[in-house]
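Q: This is the structure, below, for whatever I ask next.
Values quoted throughout were computed directly from the atomic coordinates according to the rules given, and no laboratory measurement underlies them. The shown structure was predicted, so the numbers you read here are calculated from the model rather than taken from an experiment. For neighbour counting, all protein chains shown are included, and Cβ atoms are generated from backbone atoms with ideal geometry for every residue, glycine included.
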Amino acid sequence: MAQQLRVLELFAGIGGCAAAIGGKAEVVSAVDSDQEAISVYRHNFANATIDQPVESLTTKWFRDCAADVWWMSPPVLPYVHAGLRREIDDARAKGLLHILKQIENVKPRYIAMECVPAFDKSLARQLLLETLAESDYEWQETQLCPTELGIPNQRRRYYLVASRDAVQAWKPLNEALQFPLSATLDETTADDLVIAPELLAMHRGVMHVVDANDSCSVSSCFTSDYGRSVNKTGSYLLTAGRVRHFAPTEMLRQLGFPPSFSLPEGTSRPVGWRLVGSSLSIPAVRYILDALPGLMTRRSRVVSAAAKKV
């Protein structure tokens, strides 16, 4: 039996990459400086974790990890309007720039990453591709939305996989709906998820509302600002004649997290919204990582636990 690949999770968040990999590889370490995110990670996974900035890690540390795969999902604010699009001049881009230097120094076998679509036009991407070319990598890029995999949640992202030997072509997309959005809903929900009528009247024009009874409903992309702003931060649900927020547990299912995944007891709803809104689409990550030989089992269809109750 072939030895499992060793994976290093950089900007690990709550563990979207670990959840996607499951038992298909060994996660040697997960790194994130967000204390609340890393607490959720530790609650769900036994992997080693480091709660400090990626840019603080030395070349020796990266070498000692001896990871075959470096996965990264760097901060998105340097590349989006809300973050003023300062790109590499943004302090939050330091971690990615540091990793580019470590790629030159260590040259791991595989690299994979996820970021917002705007990264595709960024100077940071140009520097990344220059680094890969100078270090003799081959790579492939794409933009992918979970709806293209039959998942009823929009979350278009830029993805890249790179290898010092070979990568497999991504398999054909299967857009047939895997399950209805209603299958991700909690059996019971708290009344305080409901939007007050006066707030609904004020903001209804900018809110994306989906109908629980519509089998074709697709939720829009959740962000870390869900619950704080109603404009382009995620969908709201029309059910039983009322409009309400989605609960963090429902968001986790829409992102494809397995039923075993949970937020620690006592996690406040605003923290849950922020952390889940910052995470990954598990089916999309599985699809992307399937290009790395030896990491994922080639699948004829997307396998998602999103329709199961957490």
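Q: Where does each of 10-18, 183-191, 141-149, 243-251 land if you order them by average Cβ count within 10 Å, highest first?
A: 10-18, 243-251, 141-149, 183-191
Q: Which one, Ala201, Leu8, Ser219, projects farthest toward the positive side of the charge dipole computed for the chain from Cβ point charges (K/R +1, D/E -1)?
A: Checked the options; the winner is Ser219.
Q: Where is the GNM fluctuation largest for the chain (alpha-carbon springs, 10 angstrom cutoff): Leu263, Leu289, Leu200?
A: Leu200
Q: Output ³J(HN,Hα) for the range 6-21: one whole-Hz value per residue in order, computed from phi by the Karplus curve 6.51 cos²θ - 1.76 cosθ + 1.60 with θ = phi - 60°, and x for Gly and Pro.
A: Working through the residues one at a time gives 9, 10, 10, 9, 10, 6, 5, x, 8, x, x, 5, 4, 5, 5, 6 Hz.
Q: Another question, then. Can you give the FRET efficiency to the nearest 0.05 for Leu199 and Gln4, using r as the Cβ-Cβ distance and R₀ = 51 Å?
A: Working from the Cβ atoms, E equals 0.55.
Q: Could you tell me the distance between the Cα centroids of the range 157-230 and the range 255-269, to the nearest Å?
A: Between the Cα centres of the range 157-230 and the range 255-269 lies a distance of 16 Å.
Q: Next question, about the same structure. Once every DSSP H run of n ≥ 4 in the chain is given -39500 (n - 2.57) and the sum is divided by its residues, what mean residue ellipticity at 222 nm do you get, rounded to the nearest 500 deg cm²/dmol?
A: One gets -7000 deg cm²/dmol as the mean residue ellipticity at 222 nm.
Q: Can I ask one more? Work out from phi, with θ = phi - 60° and the Karplus expression 6.51 cos²θ - 1.76 cosθ + 1.60, the ³J(HN,Hα) of each residue of the range 89-105, listed in order in whole Hz, and give x for Gly and Pro.
A: Per residue, the Karplus-derived 3J(HN,Hα) values read 7, 7, 4, 6, 8, 4, x, 5, 4, 5, 5, 4, 5, 6, 4, 4, 6 Hz.
Q: Another question about this same structure. Sum up the charges of everything whose Cβ sits under 15 Å from the Cβ of Asp165, counting Lys and Arg as +1 and Asp and Glu as -1, but leave Asp165 out.
A: Once all neighbours under 15 Å are counted, the net charge is 0.
Q: So, one more: Explain nothing, just the number: dipole magnitude of the chain about its Cα centre with +1 on each Lys and Arg Cβ and -1 on each Asp and Glu Cβ, in debye rounded to the nearest 20.
A: Here the size comes out at about 300 debye.
Q: Obtain the radius of gyration and the Kirkwood radius of the chain from its C-alpha atoms and give Rg over Rh.
A: 0.96
Q: Explain nothing, just the number: dipole magnitude of the range 181-274 about its Cα centre with +1 on each Lys and Arg Cβ and -1 on each Asp and Glu Cβ, in debye rounded to the nearest 20.
A: The calculated dipole for the range 181-274 is roughly 300 debye.
Q: Here's a follow-up. Consider just the alpha-carbon atoms of the range 181-274 and return their Rg together with their Dmax, both in angstrom.
A: Gyration radius and largest Cα-Cα distance of the range 181-274: 12.8, 38 Å.
Q: Does the range 31-95 come out rounded, prolate or oblate by the C-alpha gyration tensor, with a ≥ b ≥ c the root eigenvalues, rounded set by a/c under 1.5 and, if not, prolate when a/b is larger than b/c and oblate if not?
A: Cα axes put the range 31-95 in the oblate bin.
Q: For the range 1-137, just say rounded, prolate or oblate: build the C-alpha gyration tensor, square-root its eigenvalues into a ≥ b ≥ c, call rounded for a/c under 1.5, and beyond that prolate if a/b exceeds b/c, oblate if not.
A: oblate
Q: Which shape class applies to the range 7-62: rounded if a/c is under 1.5, otherwise prolate when a/b exceeds b/c and oblate if not, where a ≥ b ≥ c are the square roots of the Cα gyration tensor eigenvalues?
A: Here the range 7-62 falls in the oblate category.
Q: Considering Cα pairs under 8 angstrom that are at least six residues apart, work out the relative contact order of the range 181-274 and quote it in whole percent.
A: 31
Q: For Thr58 paired with His208, estimate the spin-label separation in nm (one decimal), with each label point 7 Å from Cα along the Cα-to-Cβ line.
A: Placing both labels 7 Å along Cα→Cβ, they lie 4.6 nm apart.
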